[in-house]
Amino acid sequence: MLTSLVRPSKINSMQRTYSIYEAKAKFSEIIRAVKMRRKVVVTERGTPVAEVVPYQEEAEESMSGRLERLTRMGAIVPAAGRFSAKTMKVLPGASERFLKEDRGD
């Protein structure tokens, strides 16, 4: 019997693959598979282009965890060196002069 040879955790993690054409035609089947905690890969001409995975509520993550995740995704790029900003001296009337110049007064 198959179930005695394969661990249930392995059955649930088995990956299914569909071409884009098949995925459009069998969308309900894909959703059923994902509801059963299976990952589905969609391919275009044999090359994986998308992955449909079960939805999971994300635990609130720390700022460092979020930065790490965004870096892995390529959404942000870490600075090459340590950032340091110099404080600027604010001259009296500078804000008014800036606003007048910006407004064309």
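Here, each number is a calculation from the coordinates, and none is a lab measurement. Fair warning: this is a prediction, and the values are worked out from it, not measured in the lab. Note that each Cβ is placed from the backbone with ideal geometry, even for glycine, and that neighbours are counted across all protein chains shown.
Descriptive notes on the structure:
- When the helices of the chain are scored as -39500 (n - 2.57) per DSSP H run of n ≥ 4 and the total is divided over every residue, the value at 222 nm lands at -11000 deg cm²/dmol.
- Spin-label pair S84/E51, simplified geometry with 7 Å Cα→Cβ offset, distance in nm: 4.1 nm
- Largest to smallest principal axis extent of the C-alpha atoms in the stretch 11-55, angstrom: 26, 18, 17
- Stretch in the chain that is longest and holds no GluC sites (Glu not before Pro) that DSSP places in a loop and that have at most 12 other beta carbons within 10 Å: 1-56
- Taking the fewest neighbouring Cβ atoms within 10 Å as the starting point, the ordered list for T17, T87 is T87, T17.
- Computing mean projected area of the Cα convex hull in nm² for the structure here picks out one of [x] 7.4; [y] 15.7; [z] 6.7, namely [y].
- For the stretch 88-97, 3J(HN,Hα) per residue [Karplus equation, 6.51 cos²θ - 1.76 cosθ + 1.60, θ = phi - 60°, Hz, x = Gly/Pro]: 9, 7, 8, 8, x, x, 5, 5, 5, 4
- Listed values for the stretch 41-48 are Karplus-derived 3J(HN,Hα) couplings in whole Hz (6.51 cos²θ - 1.76 cosθ + 1.60, θ = phi - 60°), namely 10, 10, 10, 10, 6, x, 9, x, and x replaces Gly and Pro.
- Dipole orientation for the stretch 11-55: of the candidates S19, A50, V40, V40 has the Cα lying most toward the positive pole (charges on Cβ; Lys, Arg +1; Asp, Glu -1).
- Restricting the stretch 19-105 to trypsin sites (Lys or Arg not before Pro) that sit in a DSSP loop and have at most 16 other Cβ atoms within 10 Å of their own Cβ leaves K26, R37, R45, R82, K86, K89.
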